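Read through the structure below, which is laid out as structure tokens, and then see the notes.
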Amino acid sequence: MIFYFSATGNSQHVATRIAEAIGTQAQSIETASSEIVLTDNEPLGFVTPTNWNELPVLVREFIRKAEIRLAKDNYVFAVATYGFLQGFVCEDARRELKRKGIVMNAGFSVKMPDNWTPMFDLSDPAKVQQQVDAAEPQIDEVIAMIKAGTQGNKSHDRMPYFFRPITDRLLTYERQTKFFAVDKNACIGCGLCAKKCPVQAIEMQETAKTETNKLGKNPVWTAERCALCLGCLHRCPKFAISYNNKTQSHGQYQHSKYYKKG
């Protein structure tokens, strides 16, 4: 069984490809049961984005809450998808599993378009597609290593773990929802952002109806912090959501195999 978290499709794509190649299932942690019971020789994988060089909060919580019952010869691994640095993701996963008495056999990584558009520019579709295409041979390599039962952390672009307390403070700061804003002239009040938010940090509240927003609703962030997946920003059909006034010129991103814009 492979579990993944994905806001814009990267980790979903990697998890799906690996699952198909090794004959198992891929399931989102947002819908998965916390009770995981494996059979003999069944692999257990976690495919996750990189969140400020760390294992995302939601993935960390899922592993901590999960009741994992191993059987015989289960191969346990993690795969980090990332755009700049993989940082500590695989090491974070290893430590979380170790706390549950589970030995993680291997860690891998796949470099893909980075949806952290406060920093990275994804406005050129041709360049983004080049990054998507370049990920495919990396996924093939990860699949080959998993099939071979490779041991150890084979992920790329890691960081020394002593930087972890610094990135943790940065992540906590950036997760503040006060940095999100809505262009009320563009928002159509569809509620997709609230519906898809993995931590229910968004509510649709009544506003004046306009020619653009016939439903008379706008999203409001009601939680102090969120998962910082930026799914709301990238999935918005009208690109009405921004983060800290740094994202409008950098475009939106969704893996075309799993999401359609508009």
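A short reminder: the numbers here are calculations on the coordinates, not readings from a lab. For clarity, every value in this text was computed on a predicted model and none was experimentally measured. FYI the Cβ positions are ideal-geometry reconstructions off the backbone, even for glycines, and counts take in every protein chain you see.
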Within straight-line cross-link reach of Lys214, lysines at Cα separation under 16 Å, skipping those fewer than 8 residues along the same chain: Lys184, Lys238
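Scan the stretch 118-225 for GluC sites (Glu not before Pro) in coil per DSSP, keeping those whose Cβ has at most 16 other Cβ atoms within 10 Å, and list them by number.
Passing sites in the stretch 118-225 are Glu211, Glu224.
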For the stretch 132-262, average projected area of the Cα convex hull in nm²: 10.7
Anchor Lys154: lysines whose Cα lies under 20 Å away (excluding residues fewer than 8 positions away in-chain): Lys98, Lys111
DSSP bridge pairs, the chain: antiparallel proportion in percent, nearest 5: 30
Cα convex hull of the stretch 80-194, projected area averaged across orientations, nm²: 10.3
Residues of the stretch 64-98 with amide N under 15 Å of the 7 Å Cα→Cβ point at Leu170: 83-89
Estimated [θ] at 222 nm from DSSP helical runs (n ≥ 4, -39500 (n - 2.57)) normalised by residues in the chain, nearest 500: -9000 deg cm²/dmol
Packing-based ranking, highest mean first, of 17-27, 34-44 given that Cβ atoms within 10 Å are counted: 17-27, 34-44
Relative compactness, the chain, computed as alpha-carbon Rg over 2.2 N^0.38 Å: 1.03
Net lengthening on full extension, Met145/Asn185 (0.36 nm per residue, minus Cα-Cα): 9.4 nm
Where no second cysteine Cβ lies under 4.7 Å, the cysteines concerned in the chain: Cys90, Cys187, Cys190, Cys197, Cys226, Cys229, Cys236
